[in-house]
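Visitor: Handing you a structure now.
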Amino acid sequence: MAGLRLRGPLLRLELWGELCGQRWAWVLPPALGGGPGIWAGSCLRLHLGSEAVKLRFCSSKQLCNCRFLFTGDIFLEKHWKSVVSRSVCDYFFEAQERATEAENVPPVIPTPHHYLLNVYRHKIFFVAVIQTEVPPLFVIEFLHRVVDTFQDYFGVCSEVVIKDNVVVVYEVLEEMLDNGFPLATESNILKELIKPPTILRTVVNTITGSTNVGDQLPTGQLSVVPWRRTGVKYTNNEAYFDVIEEIDAIIDKSGSTITAEIQGVIDACVKLTGMPDLTLSFMNPRLLDDVSFHPCVRFKRWESERILSFIPPDGNFRLLSYHVSAQNLVAIPVYVKHNISFRDSSSLGRFEITVGPKQTMGKTVEGVMVTSQMPKGVLNMSLTPSQGMHTFDPVTKVSSFHPSSWDVGKKTPQKLPSLKGTMSLQAGTSKPDENPTINLQFKIQQLAISGLKVNRLDMYGEKYKPFKGIKYMTKAGKFQVRT
């Protein structure tokens, strides 16, 4: 039996255990500790004769006592240290009922004896139950890492997939958290500890009774770059980077921008032989604000030269995320003209909207969808789209307009997608206090709306020449137009 504890904010490490009936302890000096980001997730097995000692390196913060996953009802739960009653989730269900949308549920919900921290992704709530004081963003970031890990393992993260692979899910969670403490969170390390499910492996495990648990120590754990396994070999060496930006904006009824900001990420898919050292430079790096990096990035070089220098993990990973909040730097790529009116003495209302491109640099706007939550007094809508299709759900009162994509360079302004018609109101009801808000979804390929551009990507440490590719995409986040 063996264990490890981090003492102090950073660097004092204590190891303890039992070997051949004798107890032992070992304190690592600060010079050997590095930082918790280096040791977090490390795992070392020592074999001495017939005795085996397993050392685990973990963060000094206990993350959570249990975790619940549910859509409409709880369908999976995992407990550490002690079992927490499901009744604690009643506080979450109450907050969910008060929220108008799933995204509006508070991320931190206090209860008399616990804190409930949650994230909502892929139409699933991931809820962590905390009994001790922990930085909330620490837990929320870990929950996002769990979702990313499930998506990496299974291709998609959904209730059906999680239920079909429930054994692997529990094995992965057991490695990611050890007794409530974060342990291994890097995808490369986890895939060597717990093999991803395949059809062949599932058949073999069913016949032989074996599991997906690996029988060897992850090779990257013993190196100075624990996020990358050693001995990587590829026939085709390639590195792809996706610059993806989301626009969150609120536009008032006159078309003026109330608030606008960009949330951007750079996702990478790197499949390179050996131990390459990459540098990524930008033409305008000063645009990036509030940057968050993958642990592989050398932060000092970024501070001094504004160049990303890193030894990449093998496979898919998020290199960095950034935020652009300067409103003069955020270009609004589309506009919405609207005329929504209700009459006091009539059971009819008028609904007209037109969507058009604006500052798209000549790129095609794709995947356009306009939705609006109508007032409860609206019984039905009789609207005619100029292109695409329109639907109205009389139960949820949600109006959806799906115009087809339009090419800015070929279509004339007179042929922009529009939606016109009337609304039927319940007889005897008063005029709604306020007009509905229009929500817009869209995406634009090969365009970073902030103006961010990659200058060049260089590789050092290996002699071969890899294939490199950069792709840009802009899409709408929470894009609202007030009417």
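FYI, it's all coordinate maths here, none of it is from the lab. Keep in mind it's a predicted model, so treat the numbers as computed, not measured. Please note: Cβ atoms are built from the backbone with ideal geometry, for glycine as well, and neighbour counts cover all protein chains shown.
Visitor: Work through the residues other than Val225 whose Cβ is under 13 Å from its Cβ and net out their charges, Lys, Arg +1 and Asp, Glu -1.
Guide: 0
Visitor: Applying a 10 Å radius around every beta-carbon, put 105-111, 396-402, 171-177 in order of their mean neighbour count, most first.
Guide: 171-177, 396-402, 105-111
Visitor: How many nm separate the modelled label positions at Met389 and Lys463, each set 7 Å beyond the Cα in the direction of the Cβ?
Guide: 5.9 nm
Visitor: In addition: Run through all the Cα pairs of segment 63-157 and give the fraction in each 5 Å bin from 0, expressed as whole percent.
Guide: Reading upward from the zero bin: 3, 13, 26, 27, 20, 9, 2, 0.
Visitor: D for segment 334-445, whole µm²/s, Stokes-Einstein with Kirkwood Rh over alpha-carbon pairs at 37 °C and 0.692 mPa s: what number?
Guide: Approximately 222 µm²/s, per Stokes-Einstein.
Visitor: Please give the length that would be gained between Met275 and Ser87 if that part of the chain were fully extended, namely 0.36 nm times their separation in residues minus their C-alpha to C-alpha distance (nm, one decimal).
Guide: Computed gain between Met275 and Ser87 is 62.7 nm.
Visitor: How many nm separate the modelled label positions at Asn284 and Leu379, each set 7 Å beyond the Cα in the direction of the Cβ?
Guide: 5.4 nm
Visitor: When the label point is put 7 Å from the Cα of Thr206 along its Cα-to-beta-carbon vector, which residues of segment 131-173 have a backbone N closer than 16 Å?
Guide: Inside the label zone: 164-168.
Visitor: Which FRET efficiency value, to the nearest 0.05, do you get for Thr71 and Gln359 by plugging their Cβ-Cβ distance into 1/(1 + (r/R0)^6) with R0 = 41 Å?
Guide: Efficiency at R0 = 41 Å is approximately 0.60.
Visitor: Now, a different point. I need two numbers for segment 87-138: Rg to one decimal and Dmax as a whole number, Cα atoms only, in Å.
Guide: Rg then Dmax for segment 87-138, in Å: 10.7, 30.
Visitor: Another question, if that's okay. In whole Hz, with x marking every Gly and Pro, tabulate ³J(HN,Hα) for segment 180-185 from phi via Karplus 6.51 cos²θ - 1.76 cosθ + 1.60, θ = phi - 60°.
Guide: So the J values, rounded to whole Hz, are x, 10, x, 10, 10, 10.
Visitor: So which of Lys363/Lys471; Lys123/Lys163; Lys195/Lys463; Lys163/Lys271; Lys81/Lys195 end up more than 22 Å apart, counting from Cα to Cα?
Guide: With Cα atoms farther than 22 Å apart: Lys195/Lys463; Lys163/Lys271; Lys81/Lys195.
Visitor: Using 0.36 nm per residue of separation minus the Cα-Cα distance, give me the extension gain between Lys78 and Ser256 in nm, one decimal.
Guide: 59.3 nm
Visitor: What does the net charge come to around Arg145 if you take all other residues with beta carbon closer than 11 Å to its beta carbon, with K and R at +1 and D and E at -1?
Guide: -3
Visitor: Can you work out the Karplus-derived ³J(HN,Hα) for every residue in segment 332-337? Use 6.51 cos²θ - 1.76 cosθ + 1.60 with θ = phi - 60°, whole Hz, and x for glycine or proline.
Guide: Values per residue, Gly and Pro as x: 8, x, 9, 9, 10, 9 Hz.
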